[in-house]
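Scroll down for the structure; my scribbles are underneath it.
The values are calculated or read from the model by the stated rules, or taken from the named source; none is laboratory data. Small disclaimer: the values here were computed from a predicted structure and weren't measured. Positions of Cβ are generated from backbone atoms using ideal geometry, with glycine treated the same way; all protein chains shown enter the neighbour counts. Surface accessibility is based on the protein's heavy atoms, side chains included, excluding ligands, DNA and RNA. Shrake-Rupley method; radii C 1.70, N 1.55, O 1.52, S 1.80 Å.
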Amino acid sequence: DKGNHRHFMAKEIHEQPEVISHTLANLIDMAAGRVNFPDLGVDLSKLSRVTISACGTAYYAGLIGKYWIERYARVPVEIDVASEFRYREPPLPEGGLAVFVSQSGETADTLATLRYCKSQGQRIASIVNVRTSTIARESDAVLPTLAGPEVGVASTKAFTCQLAVLAALAIALGRARGAISAELEQELVGALMEVPRHISSMLSDESVYEALAHDLSRARDVLYLGRGVNFPLALEGALKLKEISYIHAEGYAAGELKHGPIALIDESVPVIVVAPKDELFDKTVSNVQEVAARGGQIVFVSNGESDEVGCDVVAHITIPDVHPFTNPLIYAVPAQLIAYHTAVFMGTDVDQPRNLAKSVTVE
Ligand code: F6R
């Protein structure tokens, strides 16, 4: 049932405030402002490394998790797409923690990687949306995303719920290792609890996306740029756009642009820039100016002001001011809405894009 929405994807995007709240409530002691994490069966204070593996959008969630865990828990994180990880058969540290991220819990490559990690003595934790799935059953610990059934082939609410769990995991690890103070933990937990309210406010008016859809629908190629913890969002935004609008899109780390992709830029190429006002904002802005100087059409997704970019922009998607820790959860929403409205404008089959299946159980 799509409710009042035209597509399951729209419904699932709009469910995010509620399902992120549920997912967080399961892992956070709201009154105390602390994470309340299940026992993963390993001593988190002694972990030498965390290994993460997944496919597609779930992999991008894992990549954001890597930035968070390394920053807030100071534990090295190895991450790879499951289809590479399983054949690479990397050496793994004794007693390490391996984390698998999967909406369906049935993705063949992710499952094969889980089994490899188990054979190497890793403790297995999975972040899954389907509690009865194979990946959930074969894990030592399950950290559920409480997103409810996701029908649209393009993952939306499962992704942001995966981020919510990974954010809580980073805090739990940070606390166990003494990398964050009780004060900082409260600050980060408080920031997470604000996320649903901010996402609701962003979903109250989508007209900017409808307007942008006209421009993007004419593009043959779109570039997506981001830096730091928001770089994986550029990858995710590009994947969403490809999947449902069939426009060729590529995500790049903003600093990589000058190492090749800038050759693609001319007046016909929209460049979507994920640019929260964090400590990397000025660096990203200087990359934007390099693109603008070559005629690229800038779509500025930011809580900053348009005049802070120092060049013309074709669209400014204004994002609320939030704690920088939660930026990836917030900036995921424009990535979804840009793809959704472009696809709707182009008349593609948004919920059932060609060539794709919801669950990839073949290798
Ligand atoms: C993209 C998308 C896919 C899945 C990937 C993994 O919108 O939905 O990239 O994220 O196939 O699927 P799960 O999470 O079920 O393992």
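Couple of notes before you dig in:
- Where a label projected 7 Å from the Cα of residue 290 along Cα→Cβ would reach, residues of region 246-275 with amide N under 14 Å: 252-265
- Computed packing ranks the peptides 28-34, 323-329, 4-10, 123-129 as 123-129, 323-329, 4-10, 28-34, most packed first, by mean other Cβ atoms within 10 Å.
- In this structure, the amide hydrogen of residue 78, modeled 1.01 Å from its nitrogen in the peptide plane, lies closer than 5 angstrom to those of 50, 51, 52, counting only residues at least 5 positions away or on a different chain.
- Å² of accessible area per residue within region 1-144, as computed with a 1.4 Å probe and no ligands counted: 42 Å²
- Computed in the context of the full set of protein chains, the accessible area of the chain at 1.4 Å probe radius has 47% of its extent on carbon or sulfur.
- Judged by the ratio a/c of the largest to the smallest principal axis of the C-alpha gyration tensor, region 261-329 counts as prolate, that ratio being 1.5 or greater while a/b is larger than b/c.
- Helix runs (DSSP H) in the chain reaching 20 Å along axis by Cα, Kyte-Doolittle at least -1.0: 56-72, 157-176, 182-202, 231-245, 327-346
- Using a cut-off of 20 Å between Cα atoms, the listed pairs 66/358; 258/283; 157/283; 118/157 include 66/358; 157/283; 118/157 as exceeding that distance.
- Protein heavy-atom accessible surface, 1.4 Å probe, per residue over region 158-287: 37 Å².
- Cα centroid separation - region 167-224 against region 56-82, whole Å: 16 Å
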